[in-house]
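Here is the structure we will look at, set down as structure tokens.
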Amino acid sequence: MPEIETFPTADAWADACAARLADALSAAVAETGKAVFAGSGGSTPSPIYRLLAAADLDWSKVAVTLVDERYVPESSPDSNAALMKRTLLTGPAAATRFVPLYTPEVTVDRAAIVAAHALAAETDRLDAVLLGMGEDGHICSMFPESPTLKTLLTPTLKPTVLGVPPGRDGLAPSLERLSINLPYLMQARRVVLALTGKQKRAVYEREAAGDPATQPIAALLAADVPLDVLWVEKA
């Protein structure tokens with residue numbers, strides 16, 4: 001289990017997260033001439049994205065995608081793509097190629113197939129990944145009790161994108177989603193898990209000792225994902 005790195009301030013935490021991601025992208029560009037970044041949605045990554053956007057990188061050689069997305073267009077306030085475009089794809093980072101997960105297909109599963117093909121055409125390896133974690137222990141759109149959870153956490157499958165149905169009887173998620181699977185994280189150059197608050201730290205520590213077949217954090221650790229866990233008490 002990787003050590004939880006603790007930071008005294010939100011600024012120091014965001015700086016460290018952005019620096020780890022930028023280092024991984026820079027190394028990939030130097031080695032292969034290109035790099036791919038995958039980020040999460042929600043409020044936690046916004047300050048990290050703004051700092052990463054200012055990194056001294058050849059952004060024209062970087063492709064950007066998402067680890068998960070709600071099955072909504074960018075005009076929706078729930079769109080992770082819209083959030084990323086507001087916070088990361090600005091200034092020099094606007095030169096990147098953005099690979100969306102959402103397309104307006106007939107079903108979310110069809111959209112997942114389209115996204116999987118688009119991402120596979122771009123890369124077979126993610127160079128830098130920024131993850132968040134929900135208070136229920138979910139990462140990406142790997143939700144407890146979801147019928148797609150077992151498939152998303154199967155380490156022997158090829159890297160792909162899957163559709164995630166809405167939860168039933170009040171369970172998350174409230175909307176259909178698209179999500180990369182565990183093998184994408186297993187093959188990544190670096191994965192940064194950005195955590196804030198005492199409650200999420202406690203959830204992480206609990207989930208880390210759980211069942212890799214049903215608990216995403218435990219699955220990350222069991223699969224030897226190259227994980228950095230960075231935590232600050234107050235965001």
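The values are calculated or read from the model by the stated rules, or taken from the named source; none is laboratory data. Bear in mind the structure is a predicted one, so any value in this text is a computation, not a measurement. Please note: Cβ atoms are built from the backbone with ideal geometry, for glycine as well, and neighbour counts cover all protein chains shown. The accessibility values were calculated without ligands, DNA or RNA, using every heavy atom of the protein model including side chains. Shrake-Rupley method; radii C 1.70, N 1.55, O 1.52, S 1.80 Å.
What net charge do the residues around LEU57 carry, taking every other residue with its C-beta under 12 Å from that of LEU57, with Lys and Arg at +1 and Asp and Glu at -1?
In short, -2.
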**OP:** Return a whole-number percent for the relative contact order of the stretch 80-207, with Cα pairs under 8 Å and 6 or more residues apart as the contact set.
**Re:** 26 percent
Original post:
With Cβ to Cβ distances under 15 Å as the rule, what net charge do the other residues near ALA35 carry (K, R +1; D, E -1)?
Top reply: 0
Subject >> Most mobile of GLU207, GLU145, GLU69 in a GNM of the chain (Cα contacts under 10 Å) >> reply: GLU145
**OP:** Would you give the gap between the C-alpha center of the stretch 139-168 and the C-alpha center of the stretch 73-90, rounded to a whole Å?
**Re:** 23 Å
Original post:
What's the Kirkwood radius of the stretch 28-70 in Å, using all Cα pairs?
Top reply: 11.5 Å
Original post:
Running Debye on the chain with equal point scatterers at the Cα sites and no solvent, what base-10 log of I(q)/I(0) appears at q = 0.11 Å⁻¹?
Top reply: -0.50
Original post:
Which value, in Å³ per residue, describes the convex hull spanned by the Cα atoms of the stretch 1-55?
Top reply: 107 Å³
**OP:** Write down the accessible area per residue of the chain in Å², having rolled a 1.4 Å probe over the full set of protein chains.
**Re:** 44 Å²
Original post:
Remind me, relative contact order of the stretch 15-85 in percent, using alpha carbon pairs under 8 angstrom and six or more residues apart?
Top reply: 34 percent
**OP:** Take every Cα pair under 8 Å in the chain that's 6+ residues apart, average their separations, divide by the length, and report that relative contact order as a whole percent.
**Re:** 24 percent
Original post:
Working out 0.36 nm times the residue gap between ILE113 and LYS158, then minus their Cα-Cα distance, what length gain in nm do you get to one decimal?
Top reply: 14.9 nm
Original post:
How many percent of the accessible area of the chain is carbon or sulfur, using a 1.4 Å probe?
Top reply: 52 percent
Original post:
Can you list the HN-Hα couplings for the stretch 31-39, worked out from phi with the Karplus curve (6.51, -1.76, 1.60; θ = phi - 60°), rounded to whole Hz and with x for Gly and Pro?
Top reply: 7, 10, x, 7, 8, 10, 10, 10, x
Original post:
GLU176's amide H: which non-local residues (gap 5+, or another chain) put their own amide H closer than 5 Å, with H modeled 1.01 Å from N in plane and none for Pro or chain starts?
Top reply: TYR71
Original post:
Local charge sum around GLN199 (other residues, Cβ-Cβ under 14 Å, Lys/Arg +1, Asp/Glu -1)?
Top reply: 0
Original post:
Running Debye on the stretch 57-197 with equal point scatterers at the Cα sites and no solvent, what base-10 log of I(q)/I(0) appears at q = 0.12, 0.18 Å⁻¹?
Top reply: -0.47, -1.11
Subject >> Over the chain: helical MRE at 222 nm, DSSP H runs n ≥ 4 each giving -39500 (n - 2.57), nearest 500 >> reply: -10000 deg cm²/dmol
Original post:
Given the stretch 36-163, what percent of its DSSP beta bridges are antiparallel, to the nearest 5?
Top reply: 10 percent
